[in-house]
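A.B. asks: First the structure, which I've put down as structure tokens, then a few questions once you've had a look.
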Amino acid sequence: MKTISSSPHVHAKLTTPKAMLYVIFALLPSALWGVYLFGFSALLVLVISIASAVGVEYLLNRFSKEETIFDYSALLTGLLIGMNMPPKVPLFIPILASAFAIFVVKWTFGGLGANWMNPALGGRVFVFFSFTTLMSSFAVPRTLAANTVSSATILSSLKTAVSSGATGSSLSLLEEATLPLTDFALSLGSTLHINPYAVDAFFGNIAGCIGEVSAFLLILGGIFLIWKKVITWHIPVIYIGSFALLNWIFGGIPNGLGIFSVEILLPVFSGGLILGSFFMATDWVTTPTTIKGQVVFALGCGFFTFLIRNFGSLPEGTSLAIILMNIVTPTIERYMKPKKFGYVKPVKGANK
Amino acid sequence: MKACKNCICEQEYMLKEHRMGLVSTFKKGGVHPDDKKSLAKASVIERIPLPEELIVSMAQHLGVPATCLKKKGDVVVAGEKIGTASGFISAEVHSPVDGVVKEIRKVRLANGALADAVVIIPDSEQKTTFTTKYDYSSLTSEELLASIKDLGIVGMGGATFPTHVKLQIPVGKSVDAFVVNGVECEPYLTADYRVMMEKGKEVLEGIMIISKIINPKRMIIGIELNKKDAIEHLEALIKEKNYPIEVMGLKMKYPQGDEKQLLKATINKEIPSGKLPLDIGAVVCNLGTVNAIYEAISYHKPLIERVITISGEGIKNPKNVIALVGTKTSALLSFAGGYNVEEPEKLISGGPMMGFAFADEETPVLKGTSGILALLPPQEIKTLACVSCGNCVRHCPMGLSPNKMYRNIKNGLYQEAMDLGLLDCKECGCCAFSCPSGIPLVQSFRMGKKLGRRKK
């Protein structure tokens, strides 16, 4: 039997499940690096979050009589939640976060494509504010274990120093807080005349969530996604760029240094900015569809991340900034429409 | 790798002109389907042997079907009118052969419509040929236009708009640019390419005939860069004859063969929504049509045959052929060696992006049939929920929001969908092509347009 169907009869190679698998693939290097750094407990956290996300999706499938496991979106949500967890977190937290992400954030709004907030971020923020202490105690990475026992992150020690009234460059503040460094970072930092902490943050020798430590591996994954046409370069580049610019201009104010006084590399590579900008702010469902809208979205993300990190009480603002911009995405969509072909002047009020 | 911005490209374009940005294309949207032209590109046009039976539909063209002039048992000669135009937008239909009318019956066309058709049994000996060349240099533009109408010329790119209507320039309007469409942006199709390579001189002369009718300031042939040899070939011929015609190489992008996108790419003007090319001082003609006009004017040969590409992965020997209007698909298929599989997944009339899938191999060739494709099963794409990835929005050449129109149509809000520009949609298929969730967007728009118009 020949098939009769509407045109077009050919299709591009990219499909939604394939795109999900590409994202998972792009995240894997960073996740595995986290497992190497933090050991078995990190692997356990990842496995538990993925298993609970997929498990909840399966249970909901049983009720709704749908089959959505194999669009791999739940798998991806689980992986992202795991990567956003501190390595030694009690295991009930990732389970709770995954369940919240899949059930409340995704399914109560209608499943894949209907959620207004990135499920992984929703899950993370939910458990972060419910169990702030547990979510803020990080483990020492393997590569630094010889030097120290302190397990503060770069951003949290900066925030502690600044809120206690200390002033000075982030390098001096971090040295005062005796945050550890690898020998490699010290030597590379002195040859290139850059902050050695930025070197460690770039390559991933810092304390932090399992999947966010290595900016380098995350950027590689992001480039893979851009190459595979899953995402466009606009959101990550403009997000990071606007954040870096704002931080460069105004980032010194809380430290008592005035404007144009802060280096760019350290804030960009520390915390969850790289993970957020390449993998969460580019989530298809919760970001604008037009390039114009994506630019506005990314600028907003950059602005709010800057604001929360430098002038808020929390050390890290990536996830909150992205959620905030997720909320305004429908509004952006309303105003950032594509320009229609053959319409020179928009006819105002003609249709209504 | 240099690909178009934000497109799900499947091909790499390494042509120097592409990289340097020296060639133009339309800016908004568009996709790059795998062009698959290599299947039939090299095959020289062959003539299909006289079929046993021809089914000549009266609905060959856009607009009102022609009125049938024959009845069962009538003797017809090739080029004799068997259907006459009924209405302003309509066209004449001629008998392709000397023969006898077997019957008048309904026939199902590739697009699913039912139409009256004259079934003709050709004589074993064909006496009428169109080989006498006539001198047309003394004809006025009205006389030329009258013969184009009389000989049933319609646009052969697929839309089959009656050409005499298009070339009739109303008083007070003038033509700045006459653009000949040699883009052939649909994958697989190579018929226009072969015409350019083998009948270049005729095409150029046809352009000069049309220029006599519409008197344009500029004449442009737009050709995509995947047909570089055709560009060079035509440029050499133009130089030889010293014609005032420009050949414009265009960056490959679907749907450049649409007149809106073609005019944007060549003369950088946008046709306002709901208007015609003439409103911006342009006339667009398909390359095959130009060739048909040349044959009509200098040989008095009506539009009774056309070049067709028979291609697709399911065809044994992909070919370009000349087939008489009314030839059954089965005759074309067997001339190309038949299928190389038991049965192909789809049989398509036209190109894979906008063509119609049909099942009946008795379906006849029309004036607008540019290709017959047999496709094998594609990669399986399950229809999932819309994930707002924005591919449809970014690839729509008309700047519409297919995701929102789809949502409205699905919920029965046809007026809202039309407010979003549903009627500007030309069903080029870029949205459905690029949708990773495999949503049948074009299908829903077709339905939405029908139901929306009905409700109004």
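A.B. asks: Pairs of Cα atoms under 8 Å, at least six residues apart: use those to get the relative contact order of chain A, whole percent.
C.D. replies: Computed value for chain A: 17 percent relative contact order.
A.B. asks: Any idea what the alpha-carbon Rg over 2.2 N^0.38 Å comes to for the protein assembly as shown? Before the final figure, lay out the partial values.
C.D. replies: Values: Rg = 32.2 Å, N = 808, 2.2 N^0.38 = 28.0 Å.
With N residues counted in the protein assembly as shown, Rg over 2.2 N^0.38 Å equals 1.15.
A.B. asks: Bins of 20 Å, beginning at zero and ending with the bin holding the largest distance: percent of Cα pairs per bin for chain A, please.
C.D. replies: Cα pair-distance distribution for chain A, in percent: 29, 55, 14, 1.
A.B. asks: Counting pairs of Cα atoms in the stretch B:210-291, how many percent are more than 14 Å apart?
C.D. replies: Values: 2204 of 3321 pairs.
For the stretch B:210-291, the share of Cα pairs beyond 14 Å comes to 66 percent.
A.B. asks: Can you run the Rg to Rh ratio on the stretch B:110-242? Use alpha carbon positions and the Kirkwood inverse-distance Rh.
C.D. replies: Rounded to two decimals, Rg over Rh is 0.99.
A.B. asks: I've got another one for you. Using a Förster distance of 45 angstrom, determine the FRET efficiency expected from the C-beta separation of B:SER137 and A:SER5, and round it to 0.05.
C.D. replies: Using R0 = 45 Å, I get an efficiency of 0.35.
A.B. asks: Okay, next question. Around B:ILE214, what is the net charge, scoring Lys/Arg as +1 and Asp/Glu as -1 over all other residues with Cβ under 14 Å from its Cβ?
C.D. replies: Computed value for this residue: +3.
A.B. asks: Under a point-charge model restricted to the Cβ atoms of Lys and Arg (+1) and Asp and Glu (-1), what is the dipole moment magnitude of the protein assembly as shown relative to its Cα centre, in debye to the nearest 20? Before the final figure, lay out each step's value.
C.D. replies: Numbers: 80 positive and 64 negative charges, 382 e Å.
For this selection, approximately 1840 debye.
A.B. asks: Follow-up question, since we're still on this one. Kirkwood hydrodynamic radius for the stretch B:340-398: how many Å is it when counted over pairs of different Cα atoms?
C.D. replies: Working: mean 1/r = 0.0704 Å⁻¹.
One decimal place: 14.2 Å for the Kirkwood radius.
A.B. asks: Assuming a ≥ b ≥ c are the square roots of the Cα gyration tensor eigenvalues, decide whether the stretch B:250-325 counts as rounded (a/c under 1.5), prolate (otherwise, with a/b larger than b/c) or oblate.
C.D. replies: oblate
A.B. asks: Taking Cα atoms, how many degrees apart are the long axis of helix A:16-38 and the longest axis of chain A, rounded to 10 and kept between 0 and 90?
C.D. replies: 20 degrees
A.B. asks: All other residues with a Cβ under 11 Å from the Cβ of B:MET354 taken together, and with Lys, Arg as +1 and Asp, Glu as -1, what is their net charge?
C.D. replies: -2
A.B. asks: For A:LYS13 and A:LEU257 in the same chain, what is the full-extension length gain: residue separation times 0.36 nm, less their Cα-Cα distance, in nm?
C.D. replies: Contour length minus Cα-Cα distance gives 82.6 nm.
A.B. asks: While we're here: Under the Kirkwood approximation applied to all pairs of distinct alpha-carbon atoms, what is the hydrodynamic radius of the stretch B:19-92 in Å? If you can, show how the numbers build up before the last one.
C.D. replies: Numbers: mean 1/r = 0.0569 Å⁻¹.
After inverting the mean inverse Cα-Cα distance, the result is 17.6 Å.
A.B. asks: Then there's this: Using DSSP H assignments, which helices in chain B have an axial alpha-carbon span of 15 Å or above and a mean Kyte-Doolittle hydropathy of 1.6 or higher?
C.D. replies: Values: long enough: B:200-214 (21 Å, 1.07); B:228-241 (20 Å, -0.62); B:287-299 (18 Å, 0.70); B:441-455 (21 Å, -0.92).
Qualifying helices: none.
A.B. asks: Quick check: the angle from helix A:291-311's long axis to the longest principal axis of chain A, C-alpha only, nearest 10 degrees?
C.D. replies: Relative to chain A, helix A:291-311 is tipped by roughly 30 degrees.
A.B. asks: Mean shadow of the stretch A:37-121, computed from the convex hull of its alpha carbons, in nm²?
C.D. replies: Mean shadow area of the hull around the Cα atoms is 5.1 nm².
A.B. asks: In the protein assembly as shown, what % of DSSP beta bridges are antiparallel (nearest 5)?
C.D. replies: Details: 36 of 59 bridges.
Around 60 percent antiparallel, to the nearest 5.
A.B. asks: Here is a further query. Based on DSSP H runs of at least 4 residues, each adding -39500 (n - 2.57), what is the mean residue ellipticity at 222 nm of the protein assembly as shown after dividing by all its residues, to the nearest 500 deg cm²/dmol?
C.D. replies: My calculation for the protein assembly as shown gives -12000 deg cm²/dmol from helical runs alone.
A.B. asks: Ok, one more. Given a cut-off of under 8 Å on Cα pairs at least six residues apart, what relative contact order in percent is computed for chain B?
C.D. replies: In percent, rounded to a whole number, it is 18.
A.B. asks: Next question. What's the long-distance tail for chain B, i.e. % of Cα pairs beyond 35 Å?
C.D. replies: 29 percent
A.B. asks: Here's another thing I want to ask about it. What does the C-alpha gyration tensor say about the overall shape of the stretch B:119-190? Classify as rounded when a/c is under 1.5, otherwise prolate if a/b is larger than b/c, or oblate.
C.D. replies: oblate
A.B. asks: Go ahead and run the numbers for FRET between B:ILE280 and A:SER313, Cβ-Cβ distance against an R0 of 35 Å, rounding to 0.05.
C.D. replies: On the way: r = 60 Å, r/R0 = 1.70.
The pair B:ILE280/A:SER313 has a calculated efficiency of 0.05.
A.B. asks: Please list log₁₀ I(q)/I(0) at q = 0.19 Å⁻¹ for the stretch A:93-162, using the Debye equation with identical point scatterers on the alpha-carbon positions.
C.D. replies: Taken in order of the listed q values, log10 I(q)/I(0) reads -0.80.
A.B. asks: Same structure, new question: Roughly what percent of Cα-Cα pairs across the stretch B:391-454 reach past 17 Å?
C.D. replies: Value for the stretch B:391-454 (Cα pairs over 17 Å): 27 percent.
A.B. asks: With no solvent and one equal point scatterer placed on each C-alpha of the stretch A:34-192, evaluate the Debye formula and give log10 I(q)/I(0) for q = 0.11, 0.14, 0.16, 0.21 Å⁻¹, two decimals.
C.D. replies: -0.55, -0.78, -0.90, -1.21
A.B. asks: Would you mind checking the tilt of helix A:40-64 against the longest principal axis of the Cα atoms of chain A, expressed as 0 to 90 degrees and rounded to 10?
C.D. replies: The answer is roughly 20 degrees.
A.B. asks: Given just the C-alpha atoms of the stretch A:172-285, how large is their convex hull per residue in cubic angstrom?
C.D. replies: Spelled out: Cα convex hull of the stretch A:172-285, divided by residues, is 118 Å³.
A.B. asks: Separate question: Just to verify a number: FRET efficiency for B:SER330 and B:TYR243, C-beta to C-beta distance, R0 = 45 Å, to 0.05?
C.D. replies: The value I calculate is 0.60.
A.B. asks: Once you've got the GNM for chain A with C-alpha springs shorter than 10 Å, pick whichever of A:GLY258, A:GLY39, A:GLY122 has the biggest mean-square fluctuation.
C.D. replies: With Cα springs under 10 Å in chain A, the top fluctuation among A:GLY258, A:GLY39, A:GLY122 is at A:GLY258.
Bear in mind these aren't lab numbers, they're just calculated from the coordinates by the rules spelled out. Note that the structure is predicted; figures quoted are calculated from it, not measured. All Cβ positions, even for glycine, are placed from backbone atoms using ideal geometry, and neighbour counts span all protein chains on display.
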